[in-house]
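Note sheet for the following structure.
The values are calculated or read from the model by the stated rules, or taken from the named source; none is laboratory data. Because the structure is predicted, anything quoted here is derived from the model rather than measured. Because the Cβ atoms are built from the backbone with ideal geometry, glycine has one as well, and the counts that use them run over all protein chains shown. Heavy atoms of the whole protein, side chains included, go into the accessibility calculation; ligands, DNA and RNA do not. Shrake-Rupley method; radii C 1.70, N 1.55, O 1.52, S 1.80 Å.
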Amino acid sequence: MFSFSTIKDYHIALSNGHTNCVTAVSFYIKQIEVNSHLNAFLEVYKEEALERAAFLDLFYQKNNALSGKLHGVVVALKDVICYKGHKVSASSRILENYTSIYNATVVDRLLQEGAIIIGRNNCDEFAMGSSNENSAFGSVLNAADNARVPGGSSGGSAVSVQADLCMLSLGSDTGGSVRQPADFCGIIGMKPGYGKISRYGLIAYASSFDQIGIFAKAIEDVAVTLQVIAGEDEFDSTVSTIPLPDYPDALNSNGKKYRIAYFRQALDHPGLDGEIATVIKEYIELLREQGHVVEPVEFDLLDYVVPAYYILTTAEASSNLSRFDGIKYGYAAKDDFDDLTDFYKQSRSAGFGAEVKRRIMLGTFVLSAGYYDAYFTKAQKVRRILFDKTQEIFKSYNAIISPTVPSPAFRIGEKSSDPIEMFLADIFTVFANLTGIPAISVPLFKHSNGMPFGLQAMTAFEDEATLLALSKELIAINNHL
Amino acid sequence: MSILSNKYEAVIGLEVHAQLATKSKLFCGDSIAFGAEPNTHVSPITLGHPGTLPKTNKKAVEYAIMMGIACHCEIEKDNFFARKNYFYPDLPKGYQVSQHTTPICKGGHIAIKTDGVARSVQLNRIHLEEDAGKSIHDIDDDYTCVDYNRAGTPLIEIVTEPDLFSAEEAYQYLTEVRRLVRWIGVCDGNMEEGSLRCDANVSVRLKGETKLGTKVEVKNLNSIRNVKTAIEHEIDRMTHMLENGETIIQQTRSFDAGSNTTFAIRDKEEANDYRYFAEPDLPPFHLQQSFIDSIKQALPALPAALMGKYEHEFGLSEYDAAQLCQEKEIAEYYAAVTAHTNHYKAAANWINGPVKHYLNEHKIHISSFVLKPAQIADLLLLVEEGKVNFSVASVKLLHAMIAEHHKTALQLATALNLLQVSDANELETWVSTALERMPDKVKEYRKGKKGLIGLFVGEVKKLSKGKADPKVVTSLLEEKLNGAD
C-alpha cells in the first residue's frame, strides 16, 4: 500500500527501492476513481501519467539519480493553468472544448523538475467564487463532510490534496481562492506575494491580484515547490526579478522568536464565528507562552476591503474576459444571429455562467464614464492606503495573523442565493491580494461541528521565507498541544 | 469660392499613425514583416489566447522617444500603458493596449513651409499603442475574414493641435512627417501599405471667430495627395453648408478616391465608452534621463540642421540645400562627397543633377548606387580642373564609370578620349579651321557682333568632338579675331 507524507520521504523511498513512480501514480488513479463523487477532477491524464511515471522510474534506474527536485511528484492543476495539448476550460462552457496551445511557465518548471501532472481540477468558473458552486461542471464536495463546500475558487485542487488524490496541487488566489479552500479542507494553502510566481499561462481573473498558489499537507513540500515554480520569467514582466532565497533552507530557522500583529477589528468582527474567535484568541496566548510577541494593531479599514476588492477585481475581470468573444476560439453562437453584436451577445450569454456575468457587469459598471471616480478611483485609493498601512505594520512586526475565513465550511447551497454574504466570506483573505503580500492558511484547528479550520499568516512583500518558517513554527506549536 | 475663403477659415487637426520599423511586435516576439501569408505571424500572445501576457518591446519605446526628440517634444519619464476596451473581431483581446493618460511624448512641433512661408505646427502628443488585426470584407461573399498578422504591431500616434489652416498645410505637414520618420528610421513611411495612416479632423468657422466649428473626421486616406484632396473637398462642402445656413453635424466620413469626395460612415461617435484603466499586466516603466540622452545622441542630424549647415557653411542656395535634404540617404551621400572635395556647390549640382537623374531614370535608390561618394568627387574634380567638360562628364563619363565602376574617372576619361585638349598647337588648328569655314561671320564679328563668339566656340567644340577646353578656345579665338589680320 502506497502512502505519502512528504516529498523528501517519498524520494527516500524511491531511492531505497521501497516504491516507484508507477506505484504512486497507480495509487492516485485508484484514489481518484474511488472518490469520483467529490468531483475534484475535470479530467485525469491516466495513461499519460503512467507513461511518464514509467519513464521517470527508468530514468532513476539508469542514472541512479532523481531527475529533479520534484521527481515523480504527482501534481494536479487547477483548470485555469495552461498545459500544452490539454484542455483548459476555467470550468466554463465558453472554453469547454478549448485545448491550450502552450505551456504555462509553472507547468514548464514543474515538468523540468520531474513532476507528473495527473489531471486538471474543477474550480469556480474563471476562479470566481468562494464555494466551488460556480463551476459549469458541478460542485466539488468537501471530503470531510460531503454536504459541505470545499471552498473556492480552487476547491477541486484543495480536495485533491485533502483526499489524497495527488501529492500536491496548484491553485490560483485572487482574493483567497487558495487559502480559503485550504482552510475549509484542513490543508496548507499558500499564496506567495504578487509577482513571485509567473502568471504566464494562468487564465486571468484580475491581473493585479491573481497569483498562483500551492496546496500541500507538509510545509516542507510547499517550500520545495515554491523554489521550483517561483522567480523571474521573460514572459511575465510583473514577476519580481529579485533572486530567490533558499526556501527549504529557510525552514531551518528553529527557535526564532517572532513579532506578530493581529487586527483587533478582525477578531472582534461581528461576522466572525464565535468559536473561531475564541480558539484563535487562545492560540495567541499559546504563542505568547512560547515567547513570541503578539500584539493587536488598530485596523479601522476592515469594512472597506471587500468592497474595494470587488470593485477592482471585477473591473479588471470585465476587461480580461473580453477576449472570450467566440471569434478566435471557444464557444461561438451558431448561425442564427442577426449581426456581430447579436453574435457576441449570444456567444457570451450562453458561454458564461451567472456569477461570471454578474462580475463582468459589475466591473463594466464601475469603469463606466460617470461612475468611474465614485467607484474605481476610490477603490484604488483604498488599495493605496492599505498598502501604506501594511508597510507601516511591517516596520514593527514580522507577520500579521488572522482567521483565514470567518466561518468553517458551510453547506452546499447555504449561501449561493446571497452573493453579498458570499463576498463577505473573503473579508480576511482579500487584504493580502489588495496589498500583494504573501499569505498562507495553516490547518491548526477543528470546529465543534467537525470541520477543520486554519489560521492565516501574512508577511512583508518579498518575504515568503519568513512566512514559511513562521508556518512551520505555528504548526509545531499546535502539535505540542 | 475666393469670396467665401475670405469669409471663412478652416481649422484642421491630423492624427497620424506610424507603424514602427521594429523587428517584432510591441508586446511579443512575432515578426511585423508586411506581406506575409495571413495569420502566420500569430503566436498565442498575438491571438490573445487565455493566460498570455504582454512584454514590452524596448526598441519600440526607443523609436517613440526618437520621434519625440525629432519633434521637440517633452519626453515623459513615468509611463504606463492603459487598456482601451471595445469589442471588434480584429481586436484579439477585446482591448487595445495604448497610452491614454500619459503619452510618452508631450507637446512638440514640426516645421513646415507653404508658399515660401515657414511656420511650426504644434503637436499635442505622440503616444505608443498596438495595432489591431485587419478585417477583410471583400474576399468572401458571406464572411469577413480577419488577418491577425498586423495585430500587436507597434504604432506611434502623432496628434497635432488644431493648428493647420489649409489643405496645403496639411499636405506639407504630412510630407514632413513622412520625411522625418524615414529620416530617423522609425517607420518606412509607406502610406499605400498602411505603415503611415492619417485621419483628418476638419472644421470651418467664420474668420475672426475663436470657437472651433463642428468637426468632421475623415478616414481612409491612403496617400498624402488624398489627404489634401479630401480636406479641400470637406472645406468646400462645409463652407457651402454654412453659407446656405445649414448645420454641420459631427460625423466620421470616408474618402472615396474614385470621385474625390467624402461620404458619411457614422454620425457623432456613438458615445463609445472605452473604460480606460492602467494595463495591470505591464508594470509602469520609468525612463532614465541618461537613456533619453543616449537616444538623443544616437539620432542622425535632422533635415533642418543639415539644411542650415549646407546653406550657411557650404554656401548653397536654400533650394539646393532643400533638394539634398529631401531624403536622408541623399543628404548623407552629399556629405560623403564633400568629405573628399570642398567644391560644395559643384557637388550639390552633381547630386541634384546627373546623379538623381540617373537614379530616377533607372529607379535605383541611392543606397544601391554603385558609385562611391569618392568616385563622384573624383569625377567632379576632373570637371573643376578643366580636364573634362561638364556635359561630357555628366553623361558619357558618368555612365562609363557606372558600367566599369572599379576604374577611376581619369582612367576612363583617358581611355574614352574624353580629356579636354588645352594644348595650344592642336587647338590652333581647330580654331583656324573653324574661322576659315565662316568668313562671313568673322566679318560680322569684327564689325561688332561680339555675341558670335559662342558660335565659333561651338564650331571648335564640334571639330574637337568636345575635347577642346572651351575657356582656352575662347581666349584663342578672341586673340585671333581681335588681333590684326
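Can residue B:324 be described as away from every other protein chain (no Cβ under 14 Å), surrounded by fewer than 20 Cβ atoms within 10 Å (Cβ to Cβ) and touching a residue at least 24 places away in the same chain (Cβ under 8 Å)? It would help to see each step written out before you state the result.
On the way: away from every other protein chain (no Cβ under 14 Å): yes; surrounded by fewer than 20 Cβ atoms within 10 Å (Cβ to Cβ): no; touching a residue at least 24 places away in the same chain (Cβ under 8 Å): yes.
Here the answer is no, as residue B:324 does not meet what is asked.
Would you check if residue B:431 is surrounded by 16 or more Cβ atoms within 10 Å (Cβ to Cβ), modelled with pLDDT of 85 or more and in contact with a Ser or Thr (Cβ under 8 Å, 6 or more places away or on another chain)?
Details: surrounded by 16 or more Cβ atoms within 10 Å (Cβ to Cβ): yes; modelled with pLDDT of 85 or more: yes; in contact with a Ser or Thr (Cβ under 8 Å, 6 or more places away or on another chain): no.
Considered against the rule, which asks whether it is surrounded by 16 or more Cβ atoms within 10 Å (Cβ to Cβ), modelled with pLDDT of 85 or more and in contact with a Ser or Thr (Cβ under 8 Å, 6 or more places away or on another chain), residue B:431 comes out as no.
Sort through B:310, B:344 and tell me the only one that's in the same structural domain as residue B:360 (by TED's automatic domain parsing), open to solvent by 50 Å² or more (accessible area, probe 1.4 Å) and more than 28 Å from residue B:78 (Cβ to Cβ).
Numbers: B:310 fails: open to solvent by 50 Å² or more (accessible area, probe 1.4 Å).
On inspection, the qualifying residue turns out to be B:344.
Of the residues that sit in region A:99-126 and are open to solvent by less than 10 Å² (accessible area, probe 1.4 Å) and in a loop (DSSP other than H, G, I, E, B), which one is farthest from the other protein chains (Cβ to nearest Cβ)?
My answer is A:114.
Which of the residues belonging to region A:350-361 are open to solvent by 30 Å² or more (accessible area, probe 1.4 Å) and within 14 Å of another protein chain (Cβ to nearest Cβ)?
Residues of region A:350-361 open to solvent by 30 Å² or more (accessible area, probe 1.4 Å): A:350, A:354, A:357-358, A:361.
The answer is A:361, and nothing else.
Condition check ((1) within 15 Å of residue A:453 (Cβ to Cβ); (2) under 14 Å from the mean Cα position of the chain (by Cα)) across all residues:
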site: A:138; (1), (2): no, no
site: A:144; (1), (2): yes, no
site: A:147; (1), (2): no, no
site: A:161; (1), (2): no, yes
site: A:175; (1), (2): no, yes
site: A:179; (1), (2): yes, yes
site: A:184; (1), (2): yes, yes
site: A:199; (1), (2): no, yes
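For region A:184-195: of the residues being open to solvent by less than 10 Å² (accessible area, probe 1.4 Å) and assigned to a loop (DSSP other than H, G, I, E, B), which is farthest from the other protein chains (Cβ to nearest Cβ)?
Within region A:184-195, the match that is farthest from the other protein chains (Cβ to nearest Cβ) is A:187.
Restricting to region A:130-154, what's the tally of residues that are closer than 13 Å to residue A:353 by Cβ and open to solvent by 10 Å² or more (accessible area, probe 1.4 Å)?
Count: 7.
Got a sec? Which of A:333, A:369 is of a type in the set (A, V, I, L, M) and either buried (at least 22 other Cβ atoms within 10 Å of the Cβ) or more than 9 Å from every other protein chain (Cβ to nearest Cβ) (or both)? Working first, answer last.
Working: A:369 fails: either buried (at least 22 other Cβ atoms within 10 Å of the Cβ) or more than 9 Å from every other protein chain (Cβ to nearest Cβ) (or both).
So the residue among A:333, A:369 that is of a type in the set (A, V, I, L, M) and either buried (at least 22 other Cβ atoms within 10 Å of the Cβ) or more than 9 Å from every other protein chain (Cβ to nearest Cβ) (or both) is A:333.
Can you tell me which of B:153, B:144, B:175 is of a type in the set (Ser, Thr, Tyr) and crowded, with 20+ Cβ neighbours inside 10 Å?
Details: B:144 fails: crowded, with 20+ Cβ neighbours inside 10 Å; B:175 fails: crowded, with 20+ Cβ neighbours inside 10 Å.
Residue meeting the stated conditions: B:153.
Can you pull out every residue in region B:7-44 that is within 14 Å of another protein chain (Cβ to nearest Cβ) and within 30 Å of residue B:162 (Cα to Cα)?
Once the filter is applied, which keeps residues that are within 14 Å of another protein chain (Cβ to nearest Cβ) and within 30 Å of residue B:162 (Cα to Cα), region B:7-44 yields only B:26.
Considering only strands (runs of 3 or more DSSP E) fully contained in region B:196-258, which possess at least 2 residues that are buried (at least 21 other Cβ atoms within 10 Å of the Cβ), of a type outside the set (Val, Ile, Thr) and touching a residue at least 60 places away in the same chain (Cβ under 8 Å)? First the steps, then the outcome.
Numbers: elements: B:196-206, B:216-221, B:251-256.
Here the list reads B:196-206.
Which one of the conditions (1) over 30 Å from residue A:421 (Cβ atoms); (2) away from every other protein chain (no Cβ under 14 Å) does residue A:325 fail to meet, given that it meets all the rest?
Failed condition: (2).
Residue by residue, here is whether (1) away from chain B (no Cβ under 14 Å); (2) open to solvent by less than 70 Å² (accessible area, probe 1.4 Å); (3) within 18 Å of the chain's Cα centre (by Cα); (4) closer than 28 Å to residue A:222 by Cα holds:
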{"position": "A:363", "(1), (2), (3), (4)": "no, yes, no, no"}
{"position": "A:376", "(1), (2), (3), (4)": "no, yes, no, no"}
{"position": "A:379", "(1), (2), (3), (4)": "no, yes, no, no"}
{"position": "A:383", "(1), (2), (3), (4)": "no, yes, no, no"}
{"position": "A:396", "(1), (2), (3), (4)": "yes, yes, no, yes"}
{"position": "A:428", "(1), (2), (3), (4)": "yes, yes, yes, yes"}
{"position": "A:449", "(1), (2), (3), (4)": "yes, yes, no, no"}
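If residue B:315 satisfies every condition in (1) at negative phi; (2) open to solvent by less than 80 Å² (accessible area, probe 1.4 Å) but one, which is the exception?
Result: residue B:315 passes all but (1).
Taking region B:156-172 on its own, how many of its residues are in a helix (DSSP H, G or I) and open to solvent by less than 30 Å² (accessible area, probe 1.4 Å)?
Pass one, region B:156-172, residues in a helix (DSSP H, G or I): B:167-172.
Then drop every residue that is not open to solvent by less than 30 Å² (accessible area, probe 1.4 Å), which leaves B:167, B:169-170.
Within region B:156-172, residues that are in a helix (DSSP H, G or I) and open to solvent by less than 30 Å² (accessible area, probe 1.4 Å) number 3.
I want to confirm something. Restricting to region A:197-226 and keeping residues that are among the charged types (D, E, K, R) and open to solvent by less than 10 Å² (accessible area, probe 1.4 Å), which single residue is nearest to the other protein chains (Cβ to nearest Cβ)? Walk me through how you get there before you give the answer.
Step one: filter region A:197-226 for residues among the charged types (D, E, K, R), giving A:199, A:210, A:217, A:220-221.
Of the ones still in play, those that are also open to solvent by less than 10 Å² (accessible area, probe 1.4 Å) are A:199, A:210, A:221.
Values: A:199: 6, A:210: 9, A:221: 25 Å.
Ranking the qualifying residues of region A:197-226, first place goes to A:199.
What tally of residues in region A:450-481 results from selecting those that are of a type in the set (S, T, N, Q) and modelled with pLDDT of 95 or more? Working first, answer last.
Here is the first cut: in region A:450-481, the ones of a type in the set (S, T, N, Q) are A:456, A:459, A:466, A:471, A:478-479.
Adding the requirement that they be modelled with pLDDT of 95 or more leaves A:456, A:459, A:466, A:471.
Count: 4.
Would you point out which residue out of A:35, A:39 is touching a residue at least 12 places away in the same chain (Cβ under 8 Å), under 16 Å from residue A:2 (Cβ atoms) and out of contact with any helix residue (DSSP H, G or I) (no Cβ under 6 Å at 6 or more places or on another chain)? Walk me through it before giving the result.
On the way: A:39 fails: under 16 Å from residue A:2 (Cβ atoms).
A:35 is the lone residue from the list that is touching a residue at least 12 places away in the same chain (Cβ under 8 Å), under 16 Å from residue A:2 (Cβ atoms) and out of contact with any helix residue (DSSP H, G or I) (no Cβ under 6 Å at 6 or more places or on another chain).
Please list, ordered by first then second residue, the pairs with beta carbon atoms under 6 Å, 6 or more apart or interchain, first in region A:343-366 and within 18 Å of residue B:272 (Cβ to Cβ), second of a type in the set (D, E, K, R).
Within 6 Å, the pairs are A:344/A:325.
Considering only residues of region B:45-94 that are within 11 Å of chain A (Cβ to nearest Cβ) and among the β-branched types (Val, Ile, Thr), which is surrounded by the most Cβ atoms within 10 Å (Cβ to Cβ)?
B:52
Given (1) open to solvent by 20 Å² or more (accessible area, probe 1.4 Å); (2) in contact with a Ser or Thr (Cβ under 7 Å, 6 or more places away or on another chain); (3) of a type outside the set (Gly, Ala, Ser); (4) under 18 Å from residue A:225 (Cβ atoms), where does residue A:39 come up short, assuming only one miss?
(4)
For region A:225-277, give me each residue that is modelled with pLDDT of 95 or more, over 21 Å from residue A:108 (Cβ atoms) and hydroxyl-bearing (Ser, Thr, Tyr).
Scanning region A:225-277 gives A:258, A:262.
If a residue must be aliphatic (A, V, I, L, M) and open to solvent by 30 Å² or more (accessible area, probe 1.4 Å), how many such residues does region B:439-458 contain? Give the steps one after another, and end with the answer.
From region B:439-458, those aliphatic (A, V, I, L, M) are B:442, B:452-453, B:455, B:457; that's our starting set.
Cutting the leftovers down to open to solvent by 30 Å² or more (accessible area, probe 1.4 Å) gives us B:453, B:455.
Result for region B:439-458: 2.
How about region A:365-481: which helices (runs of 4 or more DSSP H) wholly inside it have at least 2 residues that are among the β-branched types (Val, Ile, Thr)?
Numbers: elements: A:378-396, A:419-424, A:430-435, A:464-480.
Once the helices (runs of 4 or more DSSP H) in region A:365-481 are filtered for at least 2 residues that are among the β-branched types (Val, Ile, Thr), what remains is A:378-396, A:430-435, A:464-480.
Take residue B:4 and decide whether it is buried (at least 18 other Cβ atoms within 10 Å of the Cβ) and of a type in the set (A, V, I, L, M, F, W, C). Explain how you work it out, then say what you get.
Values: buried (at least 18 other Cβ atoms within 10 Å of the Cβ): no; of a type in the set (A, V, I, L, M, F, W, C): yes.
The answer is no for residue B:4.
Given the structure, is residue B:463 surrounded by 12 or more Cβ atoms within 10 Å (Cβ to Cβ) and free of Cβ contacts under 8 Å to residues at least 12 places away in the same chain? Steps first, please.
Details: surrounded by 12 or more Cβ atoms within 10 Å (Cβ to Cβ): yes; free of Cβ contacts under 8 Å to residues at least 12 places away in the same chain: no.
When the stated conditions are applied, residue B:463 does not pass them.
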